[in-house]
Amino acid sequence: MRLRVMLFATYREIADAKELAWTAEPGTTLGQFLDAFLAAHPRLAPHRGSMLVAVNLAVADPTAVLHEGDEVALLPPVSGGCP
Amino acid sequence: MIEMTRRRIDVDAVLDSVRRDEAGAVVLFLGTVRADADVAALDYEVYVPMAKKVLADLAERAKAKFGVLDLSIAHRIGRVPVGGDSVAVACAAAHRREAFEACAWVMDEVKRIVPIWKSVPPRRVRRSR
């Protein structure tokens with residue numbers, strides 16, 4: 001199945017891309033996807049601990065099962081608003 | 001009203017969006033870009049579709065939590081110069097206490113959970129002639 005992977009801020013800079021296509025086996029969980037994706041992008045791996053991951057615009061749990069066409073967003077710690 | 005905009009925030013529009021006759025208090029919070037050392041502007045990167053969803057949910061939660069009448073949030077995308085408004089939160093309530101509290105709570109949540117990232121753009125070096 002095909003996934004859209006969105007990257008922001010520092011992750012976008014590290015991966016040098018704001019959006020990447022990814023293919024995974026049906027039934028793949030978010031945790032399994034992250035294992036494979038971070039293996040393919042090792043410079044992002046150290047950030048896993050502080051990484052927030054959203055699936056289709058909602059923060060998701062590593063056990064969540066992914067589906068065809070899902071949008072997975074890797075979100076660094078946020079810092080909106082004003083100082 | 002929830003708004004993400006690349007243009008200057010229309011503060012009057014944000015205010016007008018919450019005004020109503022039943023309100024005895026309207027509070028407006030503006031977050032502005034501060035002239036910290038080496039800061040001429042801030043860049044705001046936003047995961048827009050998720051940010052809109054989270055902000056809308058925040059506004060609804062604030063209404064339920066504080067019993068305010070209405071609440072609007074506007075946030076900038078892109079570059080905001082020093083002194084510019086990066087976020088506006090307006091809230092109408094029967095009384096001032098809950099209006100102030102709701103605005104403060106919403107701002108704390110914006111900084112905690114909304115997918116927005118700010119960075120300091122590199123300063124342009126002027127070449128001497």
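Observations on the model:
- Residue in region B:9-26 that is closer than 20 Å to B:Arg112 by Cβ, more than 14 Å from chain A (Cβ to nearest Cβ), part of a strand (DSSP E or B) and touching a helix residue (DSSP H, G or I) at 6+ places or on another chain (Cβ under 7 Å) present: no
- If you go through region B:2-19 and keep only what is of a type in the set (Gly, Ala, Ser) and under 16 Å from B:Leu58 (Cα atoms), you end up with nothing.
- Flag if A:Leu74 is in contact (Cβ under 8 Å) with a residue 40 or more places away in the chain and among the aliphatic types (A, V, I, L, M): yes
- Evaluating B:Ile116 against the criteria (1) at the interface with another protein chain (Cβ under 9 Å from one of its Cβ atoms); (2) surrounded by fewer than 17 Cβ atoms within 10 Å (Cβ to Cβ); (3) of a type in the set (A, V, I, L, M) leaves one unmet condition, (2).
- Candidates B:Arg61, B:Arg76, B:Arg123, B:Arg96 - the one that is in contact with a strand residue (DSSP E or B) (Cβ under 7 Å, 6 or more places away or on another chain) and open to solvent by 80 Å² or more (accessible area, probe 1.4 Å): B:Arg96
- Residue match in region B:31-52 (condition: at pLDDT 95 or above, among the charged types (D, E, K, R), surrounded by fewer than 22 Cβ atoms within 10 Å (Cβ to Cβ) and part of a helix (DSSP H, G or I)): yes
- Taking region A:1-16 as the range and being over 20 Å from B:Ala51 (Cβ atoms) and either open to solvent by 20 Å² or more (accessible area, probe 1.4 Å) or within 14 Å of chain B (Cβ to nearest Cβ) (or both) as the test, the residues that pass are A:Met1, A:Arg2, A:Ile14, A:Ala15, A:Asp16.
- Candidates in region A:28-71 are the residues that are open to solvent by 50 Å² or more (accessible area, probe 1.4 Å), among the acidic types (Asp, Glu) and in contact (Cβ under 8 Å) with a residue 12 or more places away in the chain; of these, the one that is nearest to the other protein chains (Cβ to nearest Cβ) is A:Asp61.
The values are calculated or read from the model by the stated rules, or taken from the named source; none is laboratory data. This one's a predicted model, so the numbers in the text were calculated from it and none came from an experiment. Counting neighbours? That spans all protein chains shown, and the Cβs are built from the backbone with ideal geometry, glycine included. Only protein heavy atoms, including side chains, enter the accessible area calculation; ligands, DNA and RNA are left aside. Shrake-Rupley method; radii C 1.70, N 1.55, O 1.52, S 1.80 Å.
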